[in-house]
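Visitor: Let me begin by handing over the structure; questions about it come next.
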């Protein structure tokens with residue numbers, strides 16, 4: 001039994017000695033790796049005018065103001081597309097007898113906008129009436145559209161009807177901008 005144990009122990013030690021040089025061969029003075037990345041379509045937006053104040057220049061002239069934004073986009077090389085949209089996600093409040101995007105006091109009461117966007121985008125064909133029911137276009141992008149590293153500029157110029165039926169007071173609405181890329 002002792003002899004068998006010694007034989008087994010010697011066999012185990014011999015196996016380790018034979019494998020030892022192979023284990024050391026895994027290390028060398030240099031080595032390499034392959035670094036891979038998949039670059040996907042991406043989009044991001046920053047609203048540079050978080051509080052857009054609408055003002056009028058003369059009695060009962062329409063209220064106007066501008067919202068500036070910066071965007072970064074990369075669309076797919078062959079068939080990619082992208083867009084910037086906006087939607088009034090919270091109508092003017094308080095909604096007593098003041099402006100309303102969802103249900104204007106008269107047919108002429110609207111919050112409309114026009115757009116501008118730096119290349120590679122195409123600005124909306126405005127003026128467009130904003131909506132609480134659905135997102136509306138601000139800018140579109142075609143295949144292989146790529147913005148600058150710091151982002152590109154865009155803006156929305158607002159016009160709100162100045163209806164004499166509005167009660168005096170301060171009103172505010174929330175507009176949500178969304179950017180996407182494929």
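The values are calculated or read from the model by the stated rules, or taken from the named source; none is laboratory data. Just so you know, these numbers come straight off a predicted model, no measurement behind them. Ideal geometry is used to build each Cβ from the backbone, glycine not excepted, and the neighbour counts take in all protein chains shown.
Visitor: In this structure, is residue 126 under 25 Å from the mean Cα position of the chain (by Cα) and at pLDDT 90 or above?
Guide: no
Visitor: If we scan the range 76-87, do we find a residue that is in a strand (DSSP E or B), at pLDDT 90 or above and over 17 Å from residue 128 (Cα atoms)? Please lay out each step first, then the result.
Guide: Step one: of the range 76-87, the residues in a strand (DSSP E or B) are 82-87.
Applying the additional criterion that residues be at pLDDT 90 or above yields 82-87.
Pick out the ones that are also over 17 Å from residue 128 (Cα atoms) and you get 82.
The answer is yes; a qualifying residue exists.
Visitor: I would also like to ask the following. Take the residues of the range 141-165 that are in a loop (DSSP other than H, G, I, E, B), surrounded by 16 or more Cβ atoms within 10 Å (Cβ to Cβ) and modelled with pLDDT of 95 or more: which is farthest from the chain's Cα centre (by Cα)?
Guide: Step one: of the range 141-165, the residues in a loop (DSSP other than H, G, I, E, B) are 142-145, 147-151, 161-165.
Remaining after also requiring surrounded by 16 or more Cβ atoms within 10 Å (Cβ to Cβ): 145, 147, 151, 161-163.
Checking the rest, the ones that are also modelled with pLDDT of 95 or more come to 145, 147, 151.
On the way: 145: 14, 147: 13, 151: 11 Å.
Within the range 141-165, the match that is farthest from the chain's Cα centre (by Cα) is 145.
Visitor: Additional query: Residue check: is residue 53 part of a strand (DSSP E or B) and either surrounded by 19 or more Cβ atoms within 10 Å (Cβ to Cβ) or free of Cβ contacts under 8 Å to residues at least 40 places away in the same chain (or both)?
Guide: no
Visitor: Going by what's in this entry, would residue 138 be described as over 24 Å from residue 57 (Cβ atoms), part of a loop (DSSP other than H, G, I, E, B) and modelled with pLDDT of 95 or more?
Guide: Answer is no for this residue.
Visitor: Within the set of pairs 6 or more residues apart or between chains, which connect a residue that is on the phi > 0 side of the Ramachandran plot and touching a residue at least 60 places away in the same chain (Cβ under 8 Å) inside the range 141-165 to a residue that is surrounded by 16 or more Cβ atoms within 10 Å (Cβ to Cβ) and not in a loop (DSSP other than H, G, I, E, B) with Cβ atoms less than 7 Å apart?
Guide: 151/70; 151/71; 151/72
Visitor: Is at least one residue of the range 79-99 farther than 19 Å from residue 56 by Cα, in contact with a strand residue (DSSP E or B) (Cβ under 8 Å, 6 or more places away or on another chain), surrounded by 17 or more Cβ atoms within 10 Å (Cβ to Cβ) and without any contact (Cβ under 8 Å) to a residue 40 or more places away in the chain?
Guide: no
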